[in-house]
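Undergrad: Please find one structure pasted underneath; my questions will follow.
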Amino acid sequence: MSNLPPTERTISVAVLGAASFAEEAHIPDLNAHPNAKVLALYSRDLARAQDMAQRTGVPDATDDLDALLARPDI
């Protein structure tokens, strides 16, 4: 656990699903929070996840849920 006060911690998250609501609400709302950052986007359709990640500035897109859930940075 971090020794930083809660107001100075950043929580790295992944968004599961590349539907329009993720692009219009989840990703921008999470990235607008001062203590959150979207690091990855998951979809069963890799091309869709990659396209949305590029449009929204999410650094990683994947269709491998097991690998995503195993990431220590999320």
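Undergrad: Round to the nearest 10 and give me the degree value, 0 to 90, for the angle of helix 46-56's Cα axis relative to the longest principal axis of the chain.
TA: 50 degrees
Undergrad: So for T62, T10, what's the accessible-area order with a 1.4 Å probe, most first?
TA: In descending accessible area the options line up as T10, T62.
Undergrad: Separate question: Choose one answer from S12, S43, S20: the residue with the largest mean-square fluctuation in a GNM of the chain with alpha-carbon springs under 10 Å.
TA: Maximum fluctuation in the GNM of the chain, among the listed residues, is at S20.
Undergrad: Using a 1.4 Å probe on the protein heavy atoms, what percent of the accessible area of the chain belongs to carbon and sulfur?
TA: On the way: 2630 of 4930 Å².
Here it works out to 53 percent.
Undergrad: Between the range 52-73 and the range 18-39, how many Å separate their Cα centres?
TA: That distance is 13 Å.
Undergrad: So, how do all the Cα-to-Cα distances of the chain break down into 5 Å bins, in percent, from 0 on up?
TA: Distribution as computed: 3, 17, 28, 22, 16, 8, 5, 1 percent.
Undergrad: Further question: Solvent-accessible area per residue for the chain at a 1.4 Å probe radius, Å²?
TA: 67 Å²
Undergrad: Can you pull out the trypsin sites (Lys or Arg not before Pro) in the range 34-74 whose DSSP state is coil and whose Cβ has at most 13 other Cβ atoms within 10 Å?
TA: Here the trypsin sites (Lys or Arg not before Pro) that fit, given the DSSP loop and packing criteria, are R44.
The values are calculated or read from the model by the stated rules, or taken from the named source; none is laboratory data. On a predicted model such as this, the values are computed, not experimentally measured, just so you know. Positions of Cβ are generated from backbone atoms using ideal geometry, with glycine treated the same way; all protein chains shown enter the neighbour counts. For accessibility, only protein heavy atoms count, side chains too; no ligands or nucleic acids. Shrake-Rupley method; radii C 1.70, N 1.55, O 1.52, S 1.80 Å.
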